[in-house]
Protein chains: 2
Amino acid sequence: MNEFELIARLTSTLPRNASVLVGPGDDCAVVEPPAGADTVLLLKTDAVVSGVHFTPETPPEQVGHKALGRCLSDIAAMGGTPLHALVTLGLPKDFDADYLDGVYAGLNDLARRYDVAIVGGETVLNPDRLMLSVAVVGSAPRNRVILRSGARPGDAIFVSGRLGGSLEGHHLDFEPRLAEAQWLARHFSVHAMIDLSDGLAGDLGHILEGSGVGAELLAHAIPISRAARRAAKAPGAKKTALLASLTDGEDFELLFTVASSDAVSVLDGWKQQFPGTPLTCIGKITAERQAILRTREGPRPLPKHGYLHFS
Amino acid sequence: MNEFELIARLTSTLPRNASVLVGPGDDCAVVEPPAGADTVLLLKTDAVVSGVHFTPETPPEQVGHKALGRCLSDIAAMGGTPLHALVTLGLPKDFDADYLDGVYAGLNDLARRYDVAIVGGETVLNPDRLMLSVAVVGSAPRNRVILRSGARPGDAIFVSGRLGGSLEGHHLDFEPRLAEAQWLARHFSVHAMIDLSDGLAGDLGHILEGSGVGAELLAHAIPISRAARRAAKAPGAKKTALLASLTDGEDFELLFTVASSDAVSVLDGWKQQFPGTPLTCIGKITAERQAILRTREGPRPLPKHGYLHFS
């Protein structure tokens, strides 16, 4: 199968939506800009690489799911709605067309659930390993875009889901928190939000740096995943479950802050809307520019970075 | 230097433009959609890979130039204007920060010349080789988007520049034909257009297939580059200069068709506007769905594909 045959096969079943004027097959895709003078565009790109973000043994559907899901998680973190995606495939010469069908099945399935159109892409030779680079265009109401830079002293800090141990499986089948984030943006004044990709401590650090503030987290409040607890009990474990929940990457949960006066409404509303998804208040934003973890043994500094891709 | 330090260094000098609301550093970039109800969005992604699209010896500025230039060439082929770009860097662990500075210098320089904002991107580990994946958002007037599918029997076929031998150097320093394409779209009814990346024969094939038509090219009219002529004279040359001009990839020139009644106006206007850039009428569109090359020895079929990335 050559490049043109592969592209024809992969593009024959791509999800479209009402805004697509010209899909794959021309020099560029042509789409309607989102309607409304109060709408802005969100742009995001990310990539997954074999041997880094997944292994050759990973089911291909999960590879496609993860490649798109990472970008959708970032759109969610702005309170936005994803609209269009482009996919660049970096392929070794001996690519397996059936495996790629599986990759696209996972990618298309996730796209369809959120009405995201896959409007094109490109195929290039990446001799040693499979790489998927995904670019996503989304939209958000101009005055409700949620940045990392809006956290204020006194804010309550919330996190969705349970953290740590994502590499046990969650990083391949996570659901981007689009519905939750859009609901938050619509009903509350969310001061700052980020999706957890580097680990809670690292990503909280991005909010603190962007907002020029500090934070106090309560160690006993951090929601720890079962996977992180299990891993901590395994022989030779290198992290406690708490440390894993603070520093493991790829949770793809929402971390956000709201005024403390909104905290109870947020919790109550969330429980009604998303009863299957935990939401936990884990601490508060402080004026003093440091990140503190309150433990039974007293306060400790939070590590600055949870996970470094190149260290 | 770790990932965060590298990103801070590379993003400190990125080109912005008036439409950027939030640049690099948040989960997504936030930009103004292009104004006007009659404007549509163009979306494109492409990538370059070390050892495939450039070599470790290629000056880094040219790597960056080519990575962005390929996408801009596609925006040009729609008659559009590029607005924003995102860059995903796939990096080996032992990346050279100074080399990457050079890559970004080339990329930023090209972006600035066309007022394209580099609004963000991502850094991932690609263990064996450098890869740059670029996504570009552009705009075009709704009724002047130029597709591959509008060629009609009787149309004159034009090509810009001189073709073949691009690997001798042109593929690293070509200028995307944005000014030329926008001028064409503004002043003429261009029926079909494509940028030459696979080679004249292959890319003409895309127009013919998309439009359901055929073509007759005149062999003596094809503008052959000096590089292709030189390569054809070298000992052990595998292609004649004519074959190179038909099948070599990465010319990044414009191939387009207009009604034959517009042909003289197009040629005259182009010569005035772009005196340094050749424009050549190389044949005509026919109703019969085949591609013919008229040579002194008689008509011959054009090869269907000029260049296959995976064959």
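The values are calculated or read from the model by the stated rules, or taken from the named source; none is laboratory data. For clarity, every value in this text was computed on a predicted model and none was experimentally measured. Positions of Cβ are backbone-derived with ideal geometry, glycine not excepted, and every protein chain shown enters the neighbour counts. Just the protein is used for accessible areas: all its heavy atoms, side chains included, with ligands, DNA and RNA removed. Shrake-Rupley method; radii C 1.70, N 1.55, O 1.52, S 1.80 Å.
Remarks
- Spacing of the modelled spin labels on A:S261 and A:T55, each 7 Å from Cα toward Cβ, amounts to 5.3 nm.
- Average beta-carbon neighbours from other chains, 10 Å sphere, peptide B:126-132: 5
- Tail beyond 25 Å, pair distance distribution of segment A:1-105 (Cα, percent): 28 percent
- Only helices enter this figure: runs of n ≥ 4 DSSP H residues, each worth -39500 (n - 2.57), summed and divided by the residues of chain B, yield -9500 deg cm²/dmol at 222 nm to the nearest 500.
- Starting from the label point of B:P299 at 7 Å along Cα→Cβ, the same points in the other copies fall at 8.6 nm, in ascending order.
- For segment B:157-311, a/c is not less than 1.5, where a ≥ b ≥ c are the root eigenvalues of the C-alpha gyration tensor, and a/b does not top b/c. That puts it in the oblate class.
- Relative to the other identical copies, B:S189 shows label-point distances of 5.6 nm, where the label point lies 7 Å from Cα along the Cβ direction and values run shortest first.
- The value given for the protein assembly as shown is a Kirkwood hydrodynamic radius of 25.5 Å, derived from the mean inverse Cα-Cα separation.
- Mean-position separation - Cα centroids, segment B:3-71 and segment A:193-209, in angstrom: 24 Å
- Helix A:263-273 axis versus longest C-alpha principal axis of chain A: approximately 40°, rounded to the nearest ten.
- Approximate spin-label separation A:A234-A:T295, in nm, with each point projected 7 Å along Cα-to-Cβ: 2.2 nm
- Taking B:R16, A:R300 and ordering them by how much accessible surface each has at a 1.4 Å probe, largest first, produces B:R16, A:R300.
- Within the shell defined by Cβ-Cβ distances under 13 Å, the residues around A:D26 carry a net charge of -4, with Lys and Arg each +1 and Asp and Glu each -1.
- Length released on extending from A:D109 to A:D128, taking residue separation times 0.36 nm less the Cα-Cα span: 4.1 nm
- Gyration tensor verdict on segment A:74-204 (Cα atoms; rounded if a/c is under 1.5, prolate if a/b is larger than b/c, oblate otherwise): prolate
- The value obtained for chain B, namely the Cα convex hull volume divided by the number of residues, is 143 Å³ per residue.
- Cut-off 17 Å, label 7 Å out along Cα→Cβ of A:L21, residues of segment B:32-50 by amide N: B:33-44
- For A:A259, inter-copy label distances in nm, listed shortest first [label point 7 Å out on the Cα-Cβ vector]: 6.4
- Projected label points at B:T39 and B:E5, each 7 Å from Cα along the beta carbon direction, are separated by 4.1 nanometres.
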